Amino acid sequence: MIVIPAVVPPLPHENRWSRNLPPSTALTWLAQGWQDFRTSPGPSIAYGILIFLLSAIVIHGLFLFGRDYILFPALAGFMVMGPLLALGTYAKSRQIARGEPVSLMRMILVKPAAGAQILFTGVLLCLLMLVWMRAAVIVYALFFGVRPFPGLDHVAEMLFTTPVGWAMLIVGSAVGALFAAFSFAISAFSLPMLLEQRVDALTAMGTSFALVGKNLPVMLAWGAIVLGLFLVSLVTGLLGLIIVFPVLGHGTWHAYQAMKAAPVAAEAG
């Protein structure tokens with residue numbers, strides 16, 4: 001008689017990326033970011049001023065060198081580079097959590113646990129932004145050919161009063177949304193992770209992508225908050241960045257703390 005051993009079906013594994021957080025959690029992250037901003041607000045305000053000045057210099061340079069036709073793609077590209085520029089705000093939130101002293105210099109001279117990997121991530125984000133700006137120029141050329149950019153004074157008339165303008169807006173928005181979604185997914189948590197953990201850039205970006213993808217409701221809510229506050233900053237001539245940028249940076253750190261996966265080193269053990 002042959003005895004066939006019983007086969008025990010494998011138990012379902014818990015999804016290591018899902019956190020089951022409701023969309024309203026995004027408002028908690030924003031409130032925590034505001035609280036960190038109010039804790040020793042001087043360095044955060046100074047950091048926001050530096051971001052505002054950097055943005056103003058870039059925009060002035062576009063007009064100075066006759067590149068105003070890429071102003072709107074450049075503003076959208078700011079959303080791509082934002083997580084990297086916010087590195088100092090993550091550092092301040094970490095210092096507050098650890099009970100360490102806070103200063104502007106400690107926000108600027110950040111020593112990430114991942115070392116040079118954070119530079120590699122920055123290079124990849126810069127390349128992504130350049131690809132997006134080139135794609136924006138190609139979209140314009142596909143609809144308007146070699147027609148020169150009419151200038152900011154006439155761009156609204158060109159876009160909103162012609163069928164070709166509306167078509168370009170729809171296609172351009174769709175292309176831009178794809179770039180924005182991808183950049184948001186790979187950078188939302190990768191930069192805070194590189195600050196805190198000794199991991200490589202690709203692991204950090206892959207982890208960020210997985211966390212965003214598996215927690216879409218709360219991350220869509222957080223992305224809407226980030227986009228909405230950035231638009232408010234644009235309405236104020238970017239002056240709003242002085243407050244908005246550090247608050248969102250601090251909030252992102254708290255989002256990472258709530259969503260982060262176990263450290264790679266611990267998993268390997």
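The values are calculated or read from the model by the stated rules, or taken from the named source; none is laboratory data. Source: prediction; values computed, not measured. For neighbour counting, all protein chains shown are included, and Cβ atoms are generated from backbone atoms with ideal geometry for every residue, glycine included.
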Pairs, first under 20 Å from Ile242 (Cβ atoms) in the stretch 86-113, second crowded, with 17+ Cβ neighbours inside 10 Å and among the basic types (Lys, Arg), C-beta under 7 Å, six or more apart | Val102/Lys92; Met107/Lys92
Would you pick out the residues in the stretch 177-204 that are touching a Pro at 6+ places or on another chain (Cβ under 8 Å), in a helix (DSSP H, G or I) and among the small types (Gly, Ala, Ser)?
-> Ser187, Ser190
Confirm whether Ser93 is within 20 Å of the chain's Cα centre (by Cα), exposed (fewer than 14 other Cβ atoms within 10 Å of the Cβ) and modelled with pLDDT of 80 or more.
-> no
Identify all residues within the stretch 201-249 that are crowded, with 16+ Cβ neighbours inside 10 Å and under 19 Å from Ala113 (Cβ atoms); write none if there are none.
-> Ala201, Thr203, Ala204, Met205, Thr207, Ser208, Leu211, Gly249
How many of the residues making up the stretch 193-247 are of a type in the set (Val, Ile, Thr), under 14 Å from the mean Cα position of the chain (by Cα) and more than 27 Å from Phe52 (Cβ to Cβ)?
-> 1
